[in-house]
Amino acid sequence: MKKYAKACLVVAISVMFVVDAFAQVGTQFQAFLNRVDAADESLHSTIIDSFMATIPSFPLVEQDTIACFLYRGEGDSVQVRLERGYLPRLDLMRLHNTDLWYNFQNYKSDALIAYQFVVNNQLKLDPINPNVYFSGNWTVSVLTMPAYQDPPEIEYYPDIPHGNVLDMDFNSITLEKTLAIKIYTPPFYNANFEEGYPLVIFNGGRGYTEYLGAINILDYLISYKLIQPIIAVFVTPANNNAEYSGADVTKHAAFLVDELLIYINTRYKTINEPENRAIIGLSVSGLFAAYMAYTYPESFGLCAAQSPAFWIWENTNPLYEDMMTKPKKNIKFYLSCGIYEPGAITRFVIPLKDSLLALGYDVKWDQWHEGHQGASFRAHIDDALEFFFPGDSITAVETEASMPTAFQLEQNYPNPFNPSTTIGFSLPNISKVTLKIYDLLGREVATLLDAPYAAGNHQIIWDARNQATGVYMVTMHAGDFRQTRKIVLMK
């Protein structure tokens with residue numbers, strides 16, 4: 001490993017300076033500070049209340065790259081714990097003798113940052129930021145910089161086809177344990193499909209399904225023909241650390257190859273060639289994904305390792321050095337990490353990416369302005385799947401060409417109506433749609449929709465049999481779009 005020390009050191013040093021140590025004060029906040037400094041102390045609380053009421057979202061972001069963390073409350077000390085402690089803590093300053101604490105950091109304009117407050121050495125979520133990510137083991141507040149785009153594929157869309165998910169307990173002879181398994185078959189799965197379906201194994205299955213939205217992602221990508229229809233198996237280990245990086249690694253590997261794959265291949269219409277079989281994992285399970293592909297290339301020809309934790313095996317397992325020096329070029333890799341990751345991640349992943357490319361591997365590499373947390377991982381599952389199993393681009397282009405080019409709420413039909421009517425609406429892109437009915441006094445009568453919807457033309461029926469004859473208004477909200485139409489119920 002010593003031969004890579006110099007390259008790793010350069011990476012580690014560069015990561016240390018990802019966050020600007022000389023973050024400037026935004027103009028809006030500076031004007032507020034000037035008001036407080038110039039005012040009598042008795043007015044400070046009123047000025048703070050007024051200023052906080054003008055901020056549309058927290059933390060305050062100015063000039064696209066300046067994030068101002070704000071905390072109101074009493075305490076002897078307040079800090080911001082960034083990326084679960086992977087980045088240095090930020091000390092907040094108390095504003096005079098008030099209960100407002102603040103400090104700044106510069107981030108990329110499209111960054112996604114996870115954070116918590118540390119008040120008197122106690123962790124707390126940001127009480128004025130509703131944007132929270134929950135993973136089961138920990139919960140963090142999330143800062144999204146202005147250019148960050150939420151991943152649309154993680155949402156559930158009721159109007160697209162959905163695959164089938166089978167839950168089962170798998171009794172492993174090799175591991176002498178029972179593992180929880182989910183088997184996803186794509187929409188319109190055909191057991192007699194002659195060509196068969198590609199297969200992907202997700203390590204850490206419960207995390208991918210419950211916290212990262214993988215089932216929604218598969219439905220979305222398949223429905224929009226961004227990937228081929230695939231079968232996915234989500235494997236939840238009995239002991240995560242032992243089976244992915246500890247004493248039971250070889251047993252878990254044997255379980256996958258000698259038990260699970262045989263079970264899946266005999267019961268589902270899969271393609272058995274390794275170039276149509278992927279294994280995916282993140283962090284420790286990403287390390288295990290790399291181990292499986294490199295050790296069993298005849299079983300897995302596709303490997304997606306999201307921020308793989310190679311540092312765990314730095315002095316105990318030669319996998320990393322073997323991958324850097326002993327090529328098995330029949331493996332296709334997707335590798336990614338964030339610039340706000342732990343230094344131990346980037347110290348290994350970036351040199352590995354460079355070496356695999358130099359050795360002639362087919363590699364897709366992404367580095368995001370994000371950190372080592374689920375809100376980031378879930379946003380990039382699609383990148384790996386689209387790299388491995390690209391969809392029908394011709395059909396996708398045709399579908400896109402037929403899509404609406406603007407938001408539109410159509411006039412209902414029939415109108416007047418009794419007792420039901422059809423209301424149509426069009427979306428040029430994926431949007432959360434709210435469709436409500438009001439009477440002429442502005443009172444809400446019914447909520448017809450309040451959910452994400454895919455791009456396209458849609459219809460919904462309002463059954464008004466319990467409403468009185470009269471004129472009603474139907475209003476549609478989708479992002480910044482708002483439109484209202486008059487409808488008439490005549491009994």
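Only helices enter the 222 nm calculation for the chain: every DSSP H run of n ≥ 4 contributes -39,500 (n - 2.57), and dividing by all residues gives -7000 deg cm²/dmol, rounded to 500.
As an exercise, use a Förster radius of 56 Å and the Cβ-Cβ distance of ASN97 and ILE160 to find the FRET efficiency, rounded to the nearest 0.05. Kindly include the intermediate steps, with their values, before the conclusion.
On the way: r = 56 Å, r/R0 = 1.00.
Result of the calculation: an efficiency of 0.50.
Put in line by how crowded their Cβ is, counting other Cβ atoms within 10 Å and starting with the fewest, TRP311, TRP462 read TRP311, TRP462.
Could you calculate the FRET efficiency of TRP138 with THR475 from 1/(1 + (r/R0)^6), where r is the beta carbon distance between them and R0 is 35 Å, rounded to 0.05? List each step's numbers first, then the result.
Details: r = 39 Å, r/R0 = 1.13.
The computed FRET efficiency comes out at 0.35.
The label point for ALA191 and the one for ASP362, both projected 7 Å from the Cα toward the Cβ, are 3.2 nm apart.
On a 20 Å Cα-Cα criterion, which of the cross-link pairs LYS182/LYS269; LYS269/LYS328; LYS182/LYS328; LYS225/LYS329; LYS436/LYS486 come out too long? It would help to have the intermediate numbers written out before the result.
Values: LYS182/LYS269 16 Å; LYS269/LYS328 28 Å; LYS182/LYS328 30 Å; LYS225/LYS329 28 Å; LYS436/LYS486 12 Å.
Over 20 Å Cα-Cα: LYS269/LYS328; LYS182/LYS328; LYS225/LYS329.
Panel order for VAL363, VAL488, by other beta carbons found within 10 Å of each beta carbon, from fewest to most: VAL488, VAL363. Here, the range 193-302 is characterised by an Rg to Rh ratio of 0.96, where Rg is the alpha-carbon radius of gyration and Rh the Kirkwood radius.
The slack in the chain from ASN418 to ALA38, taken as 0.36 nm per residue of separation less the alpha-carbon distance, amounts to 130.2 nm.
Using a Förster distance of 45 Å, how high is the FRET efficiency between ASP354 and ASP258, based on the Cβ-Cβ distance and rounded to 0.05? Intermediate values should be presented prior to the final figure.
Values: r = 34 Å, r/R0 = 0.76.
After rounding to 0.05, the efficiency reads 0.85.
Ranking of LEU335, LEU359 by neighbouring Cβ atoms within 10 Å, starting from the fewest: LEU359, LEU335.
Averaging 1/r over each pair of different alpha-carbon atoms in the chain and inverting the result gives 25.7 Å, the Kirkwood hydrodynamic radius.
Mean separation of Cα pairs under 8 Å and 6 or more residues apart, divided by the residue count, gives the range 408-489 a relative contact order of 35 percent. Spin-label model, LEU440 to ALA53: label points 7 Å out along the Cα-to-beta-carbon direction sit 3.6 nm apart.
With 22 Å as the cut-off, how large is the P(r) tail for the range 154-397, expressed as percent of Cα-Cα pairs? Before the final figure, lay out each step's value.
Working: 14995 of 29646 pairs.
It works out to 51 percent of all Cα pairs.
No lab work stands behind these numbers, since they all come straight from the coordinates. Just so it is clear, the structure is predicted and the values come from calculations on it, not from any experiment. Cβ: placed from backbone, ideal geometry, glycine included. Neighbour counts: every protein chain shown.
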